[in-house]
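One structure is given below, encoded as structure tokens.
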């Protein structure tokens, strides 16, 4: 009798580390049962198979509907590190899909993940921070992170963690700080971020500057930023060679200079020449931010005097293809030409 | 037996060989007659005869020197006879040789005996010199046409092994594997595409978000700048307005003050005389001696007068009580016989007695005549 298995040896691409998947719709319920089993090997194999399935959005939807998140939450505190690692990986893959994000926020996975911030395994921590980063990009997610009181621990972690994880933390913080800033200021975020501005890695510098941007978009943040003398550091970053860093630092300045103290400190730090160079570059992404910052500085009398000589730079900006830059240049020109 | 050939012509230098007639191998004599169609349809493999049994080929040692065949005049017929004789001789020799080889040598008979051939088989045979001859005829059948070549089926060799194949088991792998392979490859590629698209989608989303975030930040900054400007202007305006109000208020106050001052001055102009008048009227300016007399002398005088009057009153009261006592005594003396008059009289008496001390208690000089009048009234009423 012919059998579907042709030879006694399994085909070479069957992975012994993965659980066998049941057919069709039965696959995920069976995996759920396996996840709750007491044997370690079964759990690990089920997690490996789940990792592959979770790339498909339909499977994510089905998984969340079946209540996978509860069993995964239980596994987050397992003793075995492979289990924890794989669970965090599955959750981070789920967070890449919008349904997954919503499900994660609803079922309160954020609070369950707070315990993993101090996990000894690097990969677990990295996945955890990836989940936070993805979730914080949604407004509800940012709210969830704030409610779970994660900001002070995250700020503390910034000082001690590895570089890759620091990037993720900075991303999370930026998104959360857009919503509320008081907790972070209480935890001394501005000091830590000022330190990160002089980090050798480009990504960290640009992300730290972006976080400062978000802080300074709030009123109390602006006061704090001026108090901590961050503005001279930001001005020195304007001359950085990397474009992302320039964009972020000009953005941060743009917000921080709204207050009069900020403006005076920027004038003291000689911010106008590097900003003018940035404006003159045709292809710079920081052009928009630089024009806005110069507009702010032009409201001061000394600024206006200096900028009156450089009016033609703004004239050239009027030809930029981007509409926002043109508008900004027009506004800048009106401000420079204003007479009391 | 080598056919005598004409000596070969000397070949010219350029051609290696040349023949009168090309050497050729002779085909064997066909067994079957020439078929009419054979020559056209199939030339077929030319059947050459087996050269080993070809009688025309010389056998034996070709290198040893042979005695040349006797060359006699008119040897032609003789050669044939000689040939036949020689052949017969050779055959006899060959037969003898074979015979000698086959037959095992029996030992020679012992003296006096002789060997006799005896038949020991079951069935005896008549042996005679005369050979029984039977004439037989045969006639060949008609020559048949050459049958077609049978299929060459080689002899069976090896082991017999059988397999039973049921319906549906036989399949062409290449055709059957195609859909499976398509599915496999398709699924893998699909999965890979999914993942790549996921990442691409995410990258696009991030770049979109980034661009949006930039625009948003720019607009937000503009908003904040305008807010700040607005706030400054408003504050400035507010301050100026307050200043202005303050100024106005002060002005008003000053004007009011001036007006009030003027009014007050006018009002108070005749204040002093009226004040003095009022005071004078209410007796604040007094003659000290007069005041002195009034405050001290007159009260003393009054109290002295009062004392004197009181003394008088006391005297009168004493007198009244004396009179009363007398009257009571008389009444007592006169009241023994009529008890009803007695009871009535003491009732009136206490009433009168009550009235008398009450009236005597009033020590005022103005009331004295009234009290006396009442006292006199009471005894009058009592008497009645």
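The values are calculated or read from the model by the stated rules, or taken from the named source; none is laboratory data. As the structure is a prediction and not an experimental result, all values here were calculated from the model. Ideal geometry is used to build each Cβ from the backbone, glycine not excepted, and the neighbour counts take in all protein chains shown.
Restricting B:214, B:238 to residues that are loosely packed, with under 11 Cβ neighbours inside 10 Å and either within 30 Å of residue A:221 (Cα to Cα) or more than 14 Å from chain A (Cβ to nearest Cβ) (or both) narrows the list to B:238.
Using the structure shown, decide if residue A:257 is surrounded by 24 or more Cβ atoms within 10 Å (Cβ to Cβ), within 12 Å of chain B (Cβ to nearest Cβ) and closer than 22 Å to residue A:302 by Cβ. For residue A:257, the condition - surrounded by 24 or more Cβ atoms within 10 Å (Cβ to Cβ), within 12 Å of chain B (Cβ to nearest Cβ) and closer than 22 Å to residue A:302 by Cβ - is met. Among the candidates B:132, B:165, B:153, the residue that is more than 29 Å from the chain's Cα centre (by Cα), surrounded by fewer than 10 Cβ atoms within 10 Å (Cβ to Cβ) and within 13 Å of chain A (Cβ to nearest Cβ) is uniquely B:165. If you go through the range A:75-99 and pick out every residue that is assigned to a helix (DSSP H, G or I) and closer than 21 Å to residue A:129 by Cβ, you end up with 16. Got a number for residues in the range A:301-317 being surrounded by 14 or more Cβ atoms within 10 Å (Cβ to Cβ) and over 32 Å from the mean Cα position of the chain (by Cα)? So the count comes out to 7.
All of B:69, B:30, B:45, B:55 fail the test of being assigned to a loop (DSSP other than H, G, I, E, B), surrounded by 10 or more Cβ atoms within 10 Å (Cβ to Cβ) and modelled with pLDDT of 65 or more, apart from B:30.
State the number of residues belonging to the range A:278-304 that are in contact (Cβ under 8 Å) with a residue 24 or more places away in the chain and farther than 15 Å from residue A:338 by Cβ.
The total comes to 14.
Of the residues A:266, A:298, the single one that is surrounded by 16 or more Cβ atoms within 10 Å (Cβ to Cβ), under 20 Å from residue A:216 (Cα atoms) and away from every other protein chain (no Cβ under 13 Å) is A:266.
Here's the yes/no breakdown for (1) more than 11 Å from chain A (Cβ to nearest Cβ); (2) under 23 Å from the mean Cα position of the chain (by Cα); (3) not in a helix (DSSP H, G or I):
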| position | (1), (2), (3) |
| --- | --- |
| B:171 | no, no, yes |
| B:176 | yes, no, no |
| B:181 | yes, no, no |
| B:191 | no, yes, no |
| B:205 | no, yes, no |
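A count restricted to the range A:115-129 and to residues that are surrounded by 16 or more Cβ atoms within 10 Å (Cβ to Cβ) and without any contact (Cβ under 8 Å) to a residue 40 or more places away in the chain stands at 1.
Within the range A:305-316, can one find any residue that is within 14 Å of chain B (Cβ to nearest Cβ), touching a residue at least 12 places away in the same chain (Cβ under 8 Å), in a helix (DSSP H, G or I) and in contact with a helix residue (DSSP H, G or I) (Cβ under 6 Å, 6 or more places away or on another chain)? No; the residues of the range A:305-316 include none that is within 14 Å of chain B (Cβ to nearest Cβ), touching a residue at least 12 places away in the same chain (Cβ under 8 Å), in a helix (DSSP H, G or I) and in contact with a helix residue (DSSP H, G or I) (Cβ under 6 Å, 6 or more places away or on another chain). Per the conditions (1) at pLDDT below 85; (2) over 23 Å from the mean Cα position of the chain (by Cα), the sole criterion not satisfied by residue A:288 is (2). Going through B:100, B:111 one at a time, which residue ends up being modelled with pLDDT of 80 or more and surrounded by fewer than 10 Cβ atoms within 10 Å (Cβ to Cβ)? Testing whether each residue is modelled with pLDDT of 80 or more and surrounded by fewer than 10 Cβ atoms within 10 Å (Cβ to Cβ) leaves just B:111.
Filtering the range A:32-54 to residues that are surrounded by fewer than 17 Cβ atoms within 10 Å (Cβ to Cβ) and within 14 Å of chain B (Cβ to nearest Cβ) leaves A:51, A:52. Can you tell me which residue is surrounded by the fewest Cβ atoms within 10 Å (Cβ to Cβ) among those in the range A:91-108 that are more than 13 Å from chain B (Cβ to nearest Cβ) and under 24 Å from residue A:214 (Cβ atoms)? Checked the range A:91-108; the qualifying residue surrounded by the fewest Cβ atoms within 10 Å (Cβ to Cβ) is A:102.
Only residues that are within 47 Å of the chain's Cα centre (by Cα) and either modelled with pLDDT of 85 or more or not in a helix (DSSP H, G or I) (or both) were counted in the range B:224-252, giving 0. Among the residues that make up the range A:152-162, is at least one of them over 16 Å from residue A:203 (Cα atoms), modelled with pLDDT of 85 or more, crowded, with 22+ Cβ neighbours inside 10 Å and in contact with a helix residue (DSSP H, G or I) (Cβ under 7 Å, 6 or more places away or on another chain)? Within the range A:152-162, one or more residues are over 16 Å from residue A:203 (Cα atoms), modelled with pLDDT of 85 or more, crowded, with 22+ Cβ neighbours inside 10 Å and in contact with a helix residue (DSSP H, G or I) (Cβ under 7 Å, 6 or more places away or on another chain). Can we say residue B:185 is away from every other protein chain (no Cβ under 11 Å) and either free of Cβ contacts under 8 Å to residues at least 60 places away in the same chain or assigned to a helix (DSSP H, G or I) (or both)? When the stated conditions are applied, residue B:185 passes them.
For the range A:330-340, what are the residues that are away from chain B (no Cβ under 12 Å) and buried (at least 18 other Cβ atoms within 10 Å of the Cβ)?
Scanning the range A:330-340 gives A:333, A:336.
Scan B:260, B:255, B:221, B:264 and give me the residue that is free of Cβ contacts under 8 Å to residues at least 40 places away in the same chain, within 12 Å of chain A (Cβ to nearest Cβ) and assigned to a helix (DSSP H, G or I). Just one listed residue meets the conditions, B:221.
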